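I have placed the structure first, in the form of structure tokens, so that the comments after it can refer back to it.
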Amino acid sequence: MTQKYLFSPLAWSMLVLPFQVFGFVGLADGAQDKSTRPTNIVWLITDQQYYGVLGCSGNRVVKTPYLDRLAEEGTRFTRAICATPFCSPTRASFITGQWPHTHGIIKNVKVDRSKKEPKRQFTKPKITDKQVTLDNLLFDSGYKLRHLGKWHLGDVSQLRAYRNQQGLFGQRADYNKWFKRQAESVVDRKAQPSEIYYNLVGGVFMTRSMASVYEIWKDDPRRSPQNLSIIGRSAIAPRAQYETRLTDLALQWLERNADKSFMLTLSVSPPHAYWIAPEPYYSMYDPAKIPFPPSFNNRPDTYKDDLPTRMGNLFGEANIREYLRCYYAQVTMMDRQFGRVLDKLRELGLEKNTLVFFTSDHGDMQAAHGMVGKAVHAYFEELVRVPLIVRYPRSISPGLVLDMHANSVDIMPTVLDYVGMPIPKTVQGRSLRPFLDGVAEPDDQPGFCERLIDHEHVSRMIRTTKWKYVIYGVGRRELFNLADDPGEMKNLADDPAYSSQRNKLENQMRDWMKRTNDPAMKTLFPLIN
């Protein structure tokens, strides 16, 4: 058996397991009668979870019993779409109710490592008190707030809602100290004959085939800074996983604040890379039984140089299945942690008075078109469709399924509507409450999505029940008939037989861009006129 030691478990836990947790001293009053207290909010967020990897979405392989139960007790949207297939911009849209082209965060907010000051510096723009945010509005009205896990929007103390809390990375040292003390009892370094053990991210067992890919990919000059080929079985016991410890803190916080009005956000990274999962979740899935999407062998030349395509070509079928296996395992692992939160709400008698949201910031290609991950400059369904489940026993009928578009920008106004607060004029989304409460029938409003990286990669998408149309800044267009071609394998944009449909979608997109003051109109529409 070969063992490779690249970094110590502690060093890697410092790098890739940041315990992004912070405390809070709120303004909420003391105990009140639960029937008269304002609505509580619990927000469960994953990173990079495609809509189709949920049992309640029709996936017959993945195991998500707790989120399936949440859908049975609440409402599930079948056509929820992210504001943009990027983490930070969509997360900013969650809390501002604005499109990225309005709030200004169009790329991921990262630590600016060119600056050597002791305090972490973040790339700009980032979320500050200059923006009108859901968090600050609830804080100003007396809510107790707690955000556990991924923030991805800069220094969270820039918001007054969290200014008196510990900094974004305030608990990382505590976790690492705990991990160091527990390492001997929570890390199992015994590899199977078919595996190679790498001392990465606390320890990961990789199949020999996956390890061979890793040895090639780690030296690829065009790979991402995060090595996406680190895929396999985690050596860290489930009880010591970062997400488990994070959930432990969430449960403790709920117990301490059960008599107050609150918003608790539990924001986790999985099923985002690194795709590493511990037992028993890893062994729950047989890679051979995870089906490939129909578009697996349809690989457009347009995206042949994009990272997901290059990874897919290098991985081959066996290692793509290993990636899917670990992705599914992470989804099930997080389902279990979210279930703990839902059970705690019931135990504390908070279930009926708590508005629960579950969603993700964007999707993942899931082997569609032979791709691995997310970094393709496209709008495939696997990238833009996300889960959205909402439960509120006071007014939402259980088991409701809404076959209509919803977007990241709609979450903020929906929460404000339920807690009885006015929706600011800055908000560009709409409240989903009329549909959730059954007051309004599902409508046919189109869904929209955007990208604005640079002039070449500016693009916009419109999606209706049947059609998807995309305009790219390089003058390229895509038109897919989703009803007849759900795998998006035949681009009809340049087919004269569909010019009328294309023009109709262009007009709808133009109206949306005008309504939201989208500056990309000056770039995109001269290309097609």
- Task: Please tell me if residue 256 is of a type in the set (Lys, Arg) and either farther than 30 Å from residue 137 by Cα or in contact (Cβ under 8 Å) with a residue 60 or more places away in the chain (or both).
- Result: no
- Query: Restricted to the range 339-364, and to residues that are among the acidic types (Asp, Glu) and not in a loop (DSSP other than H, G, I, E, B), which residue is farthest from the chain's Cα centre (by Cα)?
  - Reply: 347
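In this structure, does residue 109 turn out to be surrounded by 21 or more Cβ atoms within 10 Å (Cβ to Cβ), modelled with pLDDT under 95 and in contact with a helix residue (DSSP H, G or I) (Cβ under 6 Å, 6 or more places away or on another chain)? Working first, answer last.
Numbers: surrounded by 21 or more Cβ atoms within 10 Å (Cβ to Cβ): yes; modelled with pLDDT under 95: yes; in contact with a helix residue (DSSP H, G or I) (Cβ under 6 Å, 6 or more places away or on another chain): yes.
The answer is yes for residue 109.
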- Count of the range 280-304 residues which are surrounded by 15 or more Cβ atoms within 10 Å (Cβ to Cβ) and within 30 Å of residue 239 (Cα to Cα): 6
- Message: Restricting to the range 36-76, give me the number of residues that are under 16 Å from the mean Cα position of the chain (by Cα) and of a type in the set (Ser, Thr, Tyr).
- Response: 3
- Item | Members of the range 282-307 that are closer than 10 Å to residue 371 by Cα and touching a Leu at 6+ places or on another chain (Cβ under 9 Å) | 307
- Task: Confirm whether residue 222 is assigned by TED's automatic domain parsing to the domain that holds residue 327 and not in a loop (DSSP other than H, G, I, E, B).
- Result: no
- Report whether or not residue 395 is farther than 21 Å from residue 247 by Cβ and small (Gly, Ala, Ser). yes
- Message: Can you confirm whether residue 92 is aliphatic (A, V, I, L, M), assigned to a helix (DSSP H, G or I), at pLDDT 95 or above and within 19 Å of residue 519 (Cα to Cα)?
- Response: yes
- Message: Show the residue pairs meeting these rules: Cβ distance below 8 Å; 6+ apart or different chains; first residue within the range 280-292 and touching a residue at least 60 places away in the same chain (Cβ under 8 Å); second residue of a type in the set (S, T, N, Q).
- Response: 284/332
- Message: Please verify whether residue 239 is outside any loop (DSSP other than H, G, I, E, B) and either buried (at least 23 other Cβ atoms within 10 Å of the Cβ) or not small (Gly, Ala, Ser) (or both), treating the condition exactly as stated.
- Response: yes
- Across the range 182-205, what is the total count of residues that are at negative phi and modelled with pLDDT under 85? 3
- Message: Quick test for you: out of 15, 10, 27, 70, pick the one residue that is modelled with pLDDT of 95 or more, assigned by TED's automatic domain parsing to the domain that holds residue 281 and of a type in the set (A, V, I, L, M, F, W, C).
- Response: 70
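Within the group 493, 497, which residue is surrounded by fewer than 12 Cβ atoms within 10 Å (Cβ to Cβ), outside the structural domain of residue 298 (by TED's automatic domain parsing) and not β-branched (Val, Ile, Thr)?
That would be 497, the only listed residue that is surrounded by fewer than 12 Cβ atoms within 10 Å (Cβ to Cβ), outside the structural domain of residue 298 (by TED's automatic domain parsing) and not β-branched (Val, Ile, Thr).
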- Query: Is it the case that the range 57-67 has a residue that's without any contact (Cβ under 8 Å) to a residue 40 or more places away in the chain, touching a Ser or Thr at 6+ places or on another chain (Cβ under 6 Å) and surrounded by fewer than 23 Cβ atoms within 10 Å (Cβ to Cβ)?
  - Reply: no
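The values are calculated or read from the model by the stated rules, or taken from the named source; none is laboratory data. What you see is a predicted model; the values in this text were computed from it and never measured. All Cβ positions, glycine included, derive from the backbone under ideal geometry; neighbour counts span all protein chains shown.
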